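Presented below is the structure to which this report refers.
Nothing in this text is a laboratory measurement; each read-out follows from the coordinates by a stated rule. The model shown is predicted, which means the values in this text are computed figures rather than measured ones. Cβ: placed from backbone, ideal geometry, glycine included. Neighbour counts: every protein chain shown.
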Amino acid sequence: MTSTNATTTSKSVVQDILLLEPFYCGSHKQLIDGLMKDMAIAPRAHLVTMSGKKWHWRARVSALHLSTAIPVNHNFRVLFSSSVLNLVELVALRPDLASLHKVLYFHENQLQYPVRKQKDRDFQYGYNLILSCLVADCVLFNSSFNMESFLTSITSFLKLMPDYRPKGLADVIRPKCSVLYFPMLYQNIDLCLLGEEDGCTPKKAKQLGQLAEPSHRQSVQDNHVSQELEFQHCRQTDTCDSTQVQDRVSDGSHSLDFQTGSGHYPKLQADQVDPDAFDESAMEVLQTHSSDDSKQQAGHGDSSDSVRHGPFVAPSAKLQSNSIHIVWPHRWEHDKDPETFFQALFRLHEEGLSFVVSVLGETFTEVPDIFAEAQDKLRTHIFAWGYQAKKSDYYKVLKAADVVVSTSKHEFFGVAMLEAVYLDCYPLCPKTLVYPEIYPDECLYSTSAKLYKRLRDFCRHPHLARASSLKGKILQFSWENLREEYFSKLQMH
């Protein structure tokens, strides 16, 4: 499947940037969409994408399709593509593209992808990356960890060849390399929480009646700020009583329909609800927003079971009013190491500690068995389970949570973690991979035992997580902060 964007807003604007994405989904899609939403880039860019399916086939053969989808008559000066594309093959098939300034962006690298046995590693993927770097003029990585792990692995990787092993390729490639962090579109999160899905704009949101006029937002802020400060204080000190929580739900604040002038949202409080403390009408308000369509998504299980798959608390859950809410928002695959996460939660459950858990993320053909086991063992703790079909529901769950956990064995940046931190979750991450580059030491753990201990402490003292915010420290990854660097790499000036 191919989609193109060849529209210009003015005949005087020349499309001189060729944007290619052979695997248009996830963070790959987010980056391309972010570039195309910029009013300075979009008129000058011609976009060609392929659907984000069958990654292995995209890495092997996408160059052939793209060579036919790219216009023959063009004025391109710059080519920008993710490293999924075999750039060598594309340039061989389309010699007219060889003179372009070719920029290759690494979201990940296959030299570092974890495999259970070395013989399971497909040599061709890593080999293609090395060849593409040799052809590219500029090679960008989304983190220093990504760049260094790639460059320092080239020599050992090439030793898999039986003979005629090239030497010194890392030294040839390194001068082309630099780090350009993935640009986080935090504003999109704010817009989604106002009721718009991905790609929404203030103009569109206003047309749909979801974005209040600035004067109204200020009025809302004036009306709610004192209550918000009072509520956050009791929340952080574990002194909220059921009446305060019920008032919070009854006044509609749980729905995140209002925004303060500073762009901060009230913390969703469904994670503090004891169903036995509410009348039926109050619980109905909490359950209203569980979308029927999300129940049918992969990984959700039978929609008739007792666990709610929407963004709000399960009616069957018996939760204390100050339960810590833990979220795990990752792909349901072995390289994200769900076993370590769930084993920690099993221990918390066995010790009778109070907590709520949300397990989000996409599922694919093979789902690790641990998920079914966890859904059964932790059923009384579950707040949300499985893929959230609506992005706004996904962000509401993150906003409801207190702690976001990564147990990944394979991470070069971590968009989901940063989104959660932007929504005021406290991050717990392995003390390896990219995480020490992004998060302070107090957010890192070195063993599974230490992860368990941190979670146990948060269960006993929820205010320790709720009183901390790293939101200000992650703004360096925003599009607004990185925009000029992207302009420079795309030779916009």
Hey, which of these cross-link pairs are over 21 Å Cα-Cα: Lys37/Lys336; Lys453/Lys473; Lys176/Lys471; Lys29/Lys431; Lys336/Lys450?
-> Lys37/Lys336; Lys453/Lys473; Lys176/Lys471; Lys29/Lys431
Roughly speaking, what is the centre-to-centre gap between the stretch 388-413 and the stretch 41-101 when only Cα atoms are used, to the nearest Å?
-> 32 Å
Cα gyration tensor, the stretch 15-79 - rounded (a/c under 1.5), prolate or oblate | oblate
Yeah, the stretch 377-486 with a ≥ b ≥ c from its alpha-carbon gyration tensor (a/c under 1.5 is rounded, else prolate when a/b outruns b/c, oblate otherwise) is oblate
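Rank by packing, highest mean first: peptides 146-154, 410-418, with packing defined as the count of other Cβ atoms within 10 Å averaged across residues. Intermediate values should be presented prior to the final figure.
Details: 146-154: 19.8, 410-418: 22.7.
Descending packing order for the listed peptides: 410-418, 146-154.
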Which peptide among 160-172, 468-480 comes first, and what is the full order, when sorted by highest mean count of other Cβ atoms within 10 Å?
-> 468-480, 160-172
Summed side-chain charge close to Ser62 - residues other than Ser62 whose Cβ falls under 14 Å, Lys, Arg +1, Asp, Glu -1 = +3
Signed unit charges on C-beta, dipole axis of the stretch 68-147, positive-most listed residue Ser82, Leu129, Ser99 = Leu129
With charges only on Cβ, +1 for K and R and -1 for D and E, what is the dipole size of the stretch 35-110 about its Cα centre, in debye, rounded to 20?
-> 140 debye
